[in-house]
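The structure appears below as structure tokens.
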Amino acid sequence: MGEDVNSYGSRLYAALRQLTGYTIITSKLDYPAIQRLKSADRELTLKLFSGSSFEVLQELKTKEPEEVAQFLADEADRAARQRVVNTIVIVAVIGGIQMLG
């Protein structure tokens, strides 16, 4: 199955690679699915991401691939920042408990 560089999936794949490397792609899809994405139309792309959130599916249904890639990159950044905040809070709470003890 060859890559159609103009397909919805191929454009999404290229934009995700440019924005995030392989981080998001490999967290969402396995190797065979990635290969299918490279030549997928919008309908198949939706099927490949069927386990994603409602918001992601809506983006895929209504936006251009490059816009979806930016949305996914932004969501990944937000999640990473939230993990850092959560870690800081946990460390602060543990530190506070140890000071009391």
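Observations
- On inspection, residue 73 passes the criterion of being assigned to a helix (DSSP H, G or I) and touching a Ser or Thr at 6+ places or on another chain (Cβ under 8 Å).
- The residue of the range 1-42 that is modelled with the highest pLDDT, among those that are among the aromatic types (Phe, Trp, Tyr) and under 13 Å from the mean Cα position of the chain (by Cα), is 13.
- When residues in the range 1-11 are screened for being surrounded by fewer than 14 Cβ atoms within 10 Å (Cβ to Cβ) and either small (Gly, Ala, Ser) or free of Cβ contacts under 8 Å to residues at least 24 places away in the same chain (or both), 3 of them pass.
- Residues within the range 22-37 that are part of a loop (DSSP other than H, G, I, E, B) and either over 19 Å from residue 71 (Cα atoms) or polar (S, T, N, Q) (or both), tallied: 1
- Verdict on residue 47 being out of contact with any helix residue (DSSP H, G or I) (no Cβ under 6 Å at 6 or more places or on another chain) and not β-branched (Val, Ile, Thr): yes
- Qualifying positions in the range 56-70 - surrounded by 13 or more Cβ atoms within 10 Å (Cβ to Cβ) and either outside any helix (DSSP H, G or I) or of a type in the set (Val, Ile, Thr) (or both): 56, 63, 64, 68
- Among the candidates 14, 40, the residue that is farther than 20 Å from residue 80 by Cα, touching a Phe, Trp or Tyr at 6+ places or on another chain (Cβ under 7 Å) and of a type in the set (A, V, I, L, M) is uniquely 40.
- Some residue of the range 12-21 being out of contact with any Ser or Thr (no Cβ under 6 Å at 6 or more places or on another chain), free of Cβ contacts under 8 Å to residues at least 40 places away in the same chain, outside any helix (DSSP H, G or I) and surrounded by 14 or more Cβ atoms within 10 Å (Cβ to Cβ): no
- Among the residues of the range 43-55, those that are in contact (Cβ under 8 Å) with a residue 24 or more places away in the chain and buried (at least 17 other Cβ atoms within 10 Å of the Cβ) comprise 45, 48.
The values are calculated or read from the model by the stated rules, or taken from the named source; none is laboratory data. From a predicted model like this one, the values you see are computed outputs, not experimental measurements. Counting neighbours? That spans all protein chains shown, and the Cβs are built from the backbone with ideal geometry, glycine included.
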